[in-house]
1. When the chain is modelled as a GNM with alpha-carbon springs shorter than 10 Å, which of 70, 46, 25 fluctuates the most?
2. Using alpha-carbon positions, what is the distance between the centroids of segment 50-102 and segment 1-44, in Å?
3. Quote the FRET efficiency, to the nearest 0.05, computed for residue 22 versus residue 53 with a Förster distance R0 of 41 Å and r equal to the Cβ-Cβ distance.
4. Calculate for the chain the 222 nm mean residue ellipticity that helices alone would give, adding -39,500 (n - 2.57) per DSSP H run of length 4 or more and normalising by residue count, nearest 500 deg cm²/dmol.
5. Among 73, 60, what is the fewest-to-most ranking by other Cβ atoms within 10 Å?
6. By counting other Cβ atoms within 10 Å of each Cβ, how are 22, 56 ranked from fewest to most?
7. Based on other C-beta atoms within 10 Å, arrange 24, 7 from fewest to most.
8. In nm, give the distance between the simple-model label positions of residue 63 and residue 34, each being 7 Å from the Cα along the Cα-to-Cβ direction.
């Protein structure tokens with residue numbers, strides 16, 4: 001089933017073509033860029049442009065923060081808690097990396 005406004009959309013596109021709105025567009029006549037995941041190319045580009053990163057990257061950043069906190073902490077109890085967090089974080093990073101590489 002077509003969109004209810006398809007006729008209006010096609011009319012506007014035809015008018016724009018007739019007015020030369022699509023003449024001299026950047027990249028005209030050049031092939032489209034190759035993408036690894038064409039089905040999700042737009043979504044991937046939007047995530048990348050908005051600063052999104054794969055989960056394993058954000059987890060790795062969190063691990064670096066935990067390491068810095070461990071270096072700065074003298075409290076034995078807190079150090080033990082941080083090391084537990086780091087151990088769990090390593091497992092989460094490994095899982096996220098495997099999921100990302102699929």
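Each value in this text was obtained by applying a stated rule to the coordinates, not by laboratory testing. In this text the structure is predicted, and so the values were computed from the model without any measurement. Every residue, glycine among them, receives a Cβ derived from its backbone with ideal geometry; neighbour counts consider all protein chains shown.
1. 25
2. Computed from Cα coordinates, the inter-centre distance equals 43 Å.
3. Calculated value: 0.70.
4. Details: 4 runs with 65 residues, N = 102.
Result for the chain, helices only: -21000 deg cm²/dmol.
5. Values: 73 13, 60 17.
The fewest-first ordering by Cβ neighbours comes to 73, 60.
6. So the residues, fewest neighbours to most, are 22, 56.
7. The most exposed by this proxy come first: 24, 7.
8. Here the answer is 3.1 nm between the modelled labels.
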